[in-house]
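Here the structure comes first, spelled out in structure tokens, and everything after it is commentary.
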Amino acid sequence: MPTVQVDLRRELFAEKGTAISQAIHEGLIEGLDMQSDDLFQVFRPHDEGEIVFSPTFGGADRRDLVWMRITMVHMFPPDAKQRMYAALVKHLEAAGLRHEDLLVSVVEVGFDDWYAGGPVGE
């Protein structure tokens, strides 16, 4: 059950928020074989000057920054994460974003670090 937090410019969210959400969801389904009803995203739109980044770090040509923090159970091998990154880029580019403007960070936790609304064990 990955959860996704997305920080991006307010104008970009207003213009493409729905398409970005769908692209992220499709990327996770494709990249991690995630169930289609596993959808947990939080968008945090920011005003001008609230997102600060290097336009050239790592040899990139960044003009904007869309930062996704994906929290998920530590169970996916590196090749699955690489598939996820590739699928995210593919779907987000189709939604009109540049791959140079994407930053994805994964935070991994254990199974015991989640509560997803079901019955609580004793």
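The numbers here are math on the coordinates, done by the rules we state, and not lab data. Quantities reported herein were computed from a predicted structural model and do not represent experimental measurements. As a convention, Cβ positions derive from the backbone with ideal geometry for all residues, glycine included, and neighbour counts pool all protein chains shown.
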Problem set entry | Scope the range 67-103; condition more than 11 Å from the chain's Cα centre (by Cα) and basic (Lys, Arg); matching residues | Lys81, Arg83, Lys90, Arg98
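Considering the range 84-122 alone, what residues qualify as being among the small types (Gly, Ala, Ser) and within 20 Å of Asp38 (Cα to Cα)?
Our first condition is that a residue be among the small types (Gly, Ala, Ser); within the range 84-122, this holds for 86-87, 94-96, 105, 110, 116-118, 121.
Passing the criteria: Ala86, Ala87, Ser105, Gly110, Ala116, Gly117, Gly118.
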Seminar exercise, completed: Looking across the range 1-37 at residues that are farther than 17 Å from Tyr85 by Cβ and among the acidic types (Asp, Glu), the single one that is surrounded by the fewest Cβ atoms within 10 Å (Cβ to Cβ) is Asp37
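Determine, yes or no, whether Thr71 is of a type in the set (S, T, N, Q) and surrounded by 13 or more Cβ atoms within 10 Å (Cβ to Cβ). Full working, then the answer.
Values: of a type in the set (S, T, N, Q): yes; surrounded by 13 or more Cβ atoms within 10 Å (Cβ to Cβ): yes.
In short, yes.
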Seminar exercise, completed: Among residues of the range 41-68 being among the aromatic types (Phe, Trp, Tyr) and closer than 30 Å to Ala116 by Cα, the residue surrounded by the fewest Cβ atoms within 10 Å (Cβ to Cβ) is Phe43
Exercise. Quick one: in the range 74-112, which of the residues that are in contact (Cβ under 8 Å) with a residue 24 or more places away in the chain and of a type in the set (Asp, Glu) is surrounded by the fewest Cβ atoms within 10 Å (Cβ to Cβ)?
Worked result: Glu108
